[in-house]
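Readers should treat all values here as calculations from the given coordinates under stated rules, not as data from a laboratory. All figures in this text were calculated on a predicted structure; none of them were measured in a lab.
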């Protein structure tokens, strides 16, 4: 992470703060730790269950979502699962609306689990850290450079406060990857000379059609994966996992990228929004090593595969083939979260690494959209800010056109 230019971004110096509740101090072991879930879709529901499954003396005590039906469906699923005895979400701790995250953070939770679509991550993370909460944050952590920098500033504050930050980049908690990484760093494959990463999957659709009663903002949330501002496009939201792995093994981020992409099959209708369905990137790391990456979301019947290839002077690895199988990484990340809070393992703050990888993905997306070579300095200084400035279920929102290289402008 030393390659990240966050010193110039964030500045130096310490800060003063007040701990309002002793159980929020790292190393204090309350029984139980109370968690609140922000974002009650499929991933949030799974994360809450995995948090409760992996730990003793923990409870889920609050939930928040902009849609009541999402919250109630999620709660119902968790209450019917094997972890139901740890669910203590009373009606007054079920928060609905665009300000629901604020109400949850203001409740008596110790841990805030951020599982909304990524467009909201910087604002929610900043609020949780300012309130002195430990955080589990799903990946990616933003959809634009302004959001990444906002997240980074809050991440620095979390570090100063010793607030644990664990991310949903689950490979970083997976034994197979950790053991393989150690062997690679010990010279098992020699010097890394080339990298390849692919995420060839199917389309992600959260709605089949628009309900006529839905306003524009409601529609874009119900069908969030199709819209750039809230999703980030596949390379940011999904292919992140591969690119994060490559940055992790390289120990730094690329310095530049040239990418290309477009829409091969997605119809030009509002259901399919304004994201690409394929994107290929040629990244260059500081030492000249190149990463060739490709992601696509094609219909059923097309070839699908997710894989990585790290090539060295003495061998190669897929990143996990030199390690022993361990705990389910989606559970292990929550075990690590709680152990870090309780001081049972070294302090964890995944935020900086996940922010770096998110920015790497955004850099490639913007190269494909513009047709330009984009450097790390360019993307770190970009003024692109996709976040809406007002929020209402019936808010009128014009859908930006599909990006066209040569017409789309780098900001």
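Where both bridge residues fall in the chain, DSSP classifies roughly 45% of the beta bridges as antiparallel. Assuming a viscosity of 1.306 mPa s and a temperature of 10 °C, what translational diffusion coefficient in µm² per second does Stokes-Einstein assign to segment 225-309, Rh being the Kirkwood radius over Cα pairs? For these conditions, the coefficient is 113 µm²/s. Our summary gives segment 286-411 a relative contact order of 16 percent, counting only alpha carbon pairs under 8 angstrom and 6 or more residues apart. Within the listed set 365, 304, 175, the residue fluctuating most in the Gaussian network model of the chain (springs between alpha-carbon atoms under 10 angstrom) is 304. Convex hull volume of the Cα atoms of the chain, normalised per residue: 145 Å³.
With bins 10 Å wide beginning at 0, the percent of Cα pairs of segment 165-204 falling in each bin runs 22, 37, 33, 8. Pull out a ≥ b ≥ c, the square roots of the eigenvalues of the alpha-carbon gyration tensor of segment 285-343, then state rounded if a/c is under 1.5, prolate if not and a/b is larger than b/c, and oblate in the remaining case. Here segment 285-343 falls in the oblate category. Take the chain, connect every pair of alpha-carbon atoms lying under 10 Å apart with a spring to form a Gaussian network, then pick out the residue of 77, 171, 121 with the largest mean-square fluctuation. Looking only at 77, 171, 121, the largest GNM fluctuation is found for 77.
Taking every Cα-Cα distance in segment 65-118 and sorting them into 10 Å bins starting at zero, the pair-distance distribution P(r) comes out as 21, 57, 22, 0 percent. Start at zero, step by 5 Å, and the Cα-Cα distances of segment 100-201 spread as 2, 11, 18, 18, 15, 12, 12, 8, 3, 1, 0 percent across the bins. Here the mean projected area of the convex hull built on the C-alpha positions of segment 243-394 is 14.0 nm². Where only DSSP H runs of four or more residues are counted, the chain gives -10000 deg cm²/dmol as its mean residue ellipticity at 222 nm, each run worth -39500 (n - 2.57). Taken along its principal axes, the alpha carbon cloud of segment 19-167 reaches lengths of 39, 33, 25 Å, longest axis first.
In percent, rounded to a whole number, the relative contact order of the chain is 21, using alpha-carbon pairs under 8 Å and six or more apart.
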